[in-house]
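The values are calculated or read from the model by the stated rules, or taken from the named source; none is laboratory data. What you are looking at is a predicted structure, and each value in this text was computed from that prediction instead of being measured. Every residue, glycine among them, receives a Cβ derived from its backbone with ideal geometry; neighbour counts consider all protein chains shown.
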Amino acid sequence: MKARYGQWALVTGATSGIGRALARQLASQGLSIVAVARTATALEALAAELAAAHSVEVRVLGVDISTREGIARLVEGVSDLEIGVLVPCAAIESSGYFVDAPAETHGRLLEMDCYGPMALAHHFGGAMAQRGRGAILLVSSLSGWMVQPYMAHYGAAKAYILALGEALHYEMADKGVHVSVLSPGPTDTPMAANTGIDFASMGMAVMQPEAVARAGLAALGRRAHAIPGLRNKVMVWMMTRLVPRWAAGRMFRWMMSRALGIAR
Ligand SMILES: NC(=O)c1ccc[n+]([C@@H]2O[C@H](COP(=O)([O-])OP(=O)(O)OC[C@H]3O[C@@H](n4cnc5c(N)ncnc54)[C@H](OP(=O)(O)O)[C@@H]3O)[C@@H](O)[C@H]2O)c1
């Protein structure tokens with residue numbers, strides 16, 4: 001990867017879950033890591049771990065990327081580096097009735113889950129296109145492929161990432177830049193735990209972040225999509241090819257209302 005894309009990989013959400021697994025796997029391939037999250041102690045712990053385990057350079061940036069100032073600080077903080085691999089992994093999720101949350105809350109999710117990855121892909125993708133090499137792994141979700149009642153805004157944000165990344169996969173190939181979209185299903189991380197949903201009881205497989213990260217990195221330079229796990233692949237196939245969209249919407253309304261304990 002280092003030979004193909006360059007020395008530095010930038011990972012947002014690098015201190016936990018899928019982002020941390022991606023940062024670890026990129027470092028294990030000899031790439032130096034820019035690790036982005038808000039919590040300084042977690043960033044320092046990760047930096048120490050990666051430097052000790054893989055003898056790579058690590059730069060940590062403690063910024064809140066749900067704000068445009070945070071995105072600007074991030075870009076400024078690496079202005080002296082050539083970022084060869086970009087993984088804008090951090091995101092926030094929301095659930096419940098769309099109309100019950102304030103519009104400002106939805107606006108923050110839009111900034112974090114859509115504007116941030118878009119702005120970073122635009123900035124670093126532009127530099128990669130000029131150099132004629134680089135890789136971007138955008139992180140969507142199974143939610144981006146499906147009709148998601150009670151997670152409507154999160155699903156819509158992830159559908160945006162899916163559409164953007166899929167189109168960039170083909171468009172950026174002209175510029176020598178590899179773009180893929182990782183669409184995890186339920187994964188054993190704090191984000192999944194915070195939803196309060198028992199995914200296993202819904203018949204869904206809960207994967208470990210390491211396996212999810214491996215599937216994402218394996219897609220770079222090969223495929224537009226990485227859907228980790230056989231059960232997740234079957235789920236996407238069923239919900240996009242087999243079941244009509246109206247039926248999928250009704251099915252998910254039933255499943256998600258039960259999973260989230262929503263009284264209809
Ligand atoms: N887990 C799943 O089941 C699942 C399923 C499908 C898709 N995904 C997607 O996979 C990605 C990673 O999810 P995950 O479950 O691995 O997340 P996670 O374990 O909850 O980790 C979130 C990371 O993002 C950072 N972060 C959160 N808010 C931030 C902010 N405002 N500014 C900067 N950093 C911030 C966190 O650190 P700080 O709190 O210190 O900032 C942490 O490093 C997301 O795009 C998610 O939508 C996850």
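Filtering Tyr154, Tyr150 for residues that are of a type in the set (Phe, Trp, Tyr), more than 11 Å from the ligand (Cβ to nearest atom) and closer than 30 Å to Arg250 by Cβ leaves a single hit, Tyr150.
Name every residue in segment 16-30 that is more than 13 Å from the chain's Cα centre (by Cα) and surrounded by fewer than 24 Cβ atoms within 10 Å (Cβ to Cβ), in order of residue number. Once the filter is applied, which keeps residues that are more than 13 Å from the chain's Cα centre (by Cα) and surrounded by fewer than 24 Cβ atoms within 10 Å (Cβ to Cβ), segment 16-30 yields Arg24, Gln25, Ser28, Gln29, Gly30.
Condition check ((1) touching a Ser or Thr at 6+ places or on another chain (Cβ under 6 Å); (2) under 25 Å from Met118 (Cα atoms); (3) surrounded by 12 or more Cβ atoms within 10 Å (Cβ to Cβ)) across all residues:
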site	(1), (2), (3)
Leu164	no, yes, yes
Val177	no, yes, yes
Asn194	no, no, no
Ala205	no, no, yes
Met239	no, no, yes
Gly249	no, no, yes
Met255	no, no, yes
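Scan segment 252-264 and tell me whether some residue there is of a type in the set (Ser, Thr, Tyr), part of a helix (DSSP H, G or I) and more than 27 Å from Gly134 (Cα to Cα). Yes, segment 252-264 contains a residue that is of a type in the set (Ser, Thr, Tyr), part of a helix (DSSP H, G or I) and more than 27 Å from Gly134 (Cα to Cα).
When you scan segment 222-243, do you find a residue that is of a type in the set (A, V, I, L, M, F, W, C), over 21 Å from Ala91 (Cα atoms) and within 16 Å of the chain's Cα centre (by Cα), even just one? No: zero hits.
Of the residues that sit in segment 115-137 and are touching a residue at least 24 places away in the same chain (Cβ under 8 Å) and farther than 16 Å from Leu74 by Cβ, which one is surrounded by the fewest Cβ atoms within 10 Å (Cβ to Cβ)?
Once the filter is applied, the top-ranked residue is Gly132.
Could you tell me whether segment 178-191 includes any residue that is in contact with an Asp or Glu (Cβ under 7 Å, 6 or more places away or on another chain) and free of Cβ contacts under 8 Å to residues at least 60 places away in the same chain? Yes; the residues of segment 178-191 include at least one that is in contact with an Asp or Glu (Cβ under 7 Å, 6 or more places away or on another chain) and free of Cβ contacts under 8 Å to residues at least 60 places away in the same chain. Test each condition in (1) at pLDDT 95 or above; (2) away from the ligand (no atom under 16 Å from the Cβ) for Gly261 and report the one that comes out false. Checking Gly261 against (1) at pLDDT 95 or above; (2) away from the ligand (no atom under 16 Å from the Cβ), the one that fails is (1).
Take Ser143 and tell me if it is surrounded by 20 or more Cβ atoms within 10 Å (Cβ to Cβ) and over 29 Å from Ser28 (Cα atoms).
When the stated conditions are applied, Ser143 passes them.
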